[in-house]
Amino acid sequence: MRAWVLSGVCAGAVLVPGTAVAAPAPEADLSFHGTVVMDGDRVEVRLTPRNNGPAAVADASVRLRWSAELADAQELPARCAREDERTVLCGVGTLGVDAVGEQVRVPVRLRERPAEVTLEIDTAWSAGVVDKDRTNDKMQVLVLATGDSYAF
């Protein structure tokens, strides 16, 4: 019977107690600017996303939430999807540093004809990029059913 003998030096890792430090998440400053108009039960939002940097955003989406319920039947743009009875999510795509994205036009119908609605606009997804300044991508707009355009 043959026996193998292992001789030599085994290399190993030296473990030092401490706290593991993860690399910081990239940071960007997203903003949304646009208008919203309500006429009867129809509301139209037009918004343009912008990234003020310092990092690019590989993919982003915006959440549009109304204070009134949306009608069941909607004809949303291809990059938009209904989240619940009051909310629509829309992809805005890749945003480079100091870049303006493509305008997003979102027409919706409300279930009823309110005299006013509040529209909440918020970043829903930014591909893991951190936005510490939420003052320009998270906002509320009061919209009266006058057919007038309200800017944000």
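The values are calculated or read from the model by the stated rules, or taken from the named source; none is laboratory data. Not measured: the values here are computed from a predicted model. For neighbour counting, all protein chains shown are included, and Cβ atoms are generated from backbone atoms with ideal geometry for every residue, glycine included. Please note that ligands, DNA and RNA were not included when accessible areas were found on the heavy atoms of the full protein model with its side chains. Shrake-Rupley method; radii C 1.70, N 1.55, O 1.52, S 1.80 Å.
See the values below:
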{"read-out": "Distribution of pairwise C-alpha distances over segment 24-152, 10 Å bins, in %", "value": "13, 46, 29, 11, 1"}
{"read-out": "Choice from Pro24, Pro54, Pro77 showing the highest fluctuation, given a GNM over the chain with Cα pairs closer than 10 Å", "value": "Pro24"}
{"read-out": "FRET efficiency for Thr118 and Ala58, using Cβ-Cβ distance with R0 set to 41 Å, rounded to 0.05", "value": "0.85"}
{"read-out": "Dipole moment magnitude, nearest 20 debye, segment 96-152 about Cα centre, only Lys, Arg, Asp, Glu C-beta charged", "value": "240 debye"}
{"read-out": "Unit charges at the beta carbon, dipole of the chain: most positive-side option, Gly93, Gly128, Gln140", "value": "Gly128"}
{"read-out": "Solvent exposure of the chain as accessible area per residue, Å², 1.4 Å probe", "value": "62 Å²"}
{"read-out": "Percent accessible area from carbon and sulfur atoms, the chain, protein chains only, probe 1.4 Å", "value": "53 percent"}
{"read-out": "Rough spin-label spacing in nm, given labels placed 7 Å along Cα→Cβ, for Leu142 and Thr87", "value": "2.4 nm"}
{"read-out": "Cα lying deepest toward the dipole's positive end in the chain, options Pro107, Val45, Val62, charges on Cβ", "value": "Val62"}
{"read-out": "Dipole magnitude (debye, nearest 20) for the chain, charges at Cβ of Lys, Arg, Asp, Glu", "value": "580 debye"}
{"read-out": "Estimated vicinal HN-Hα couplings, Hz - segment 131-139 in sequence order (Karplus 6.51, -1.76, 1.60; Gly, Pro = x)", "value": "10, 7, 9, 8, 6, 10, 10, 9, 8"}
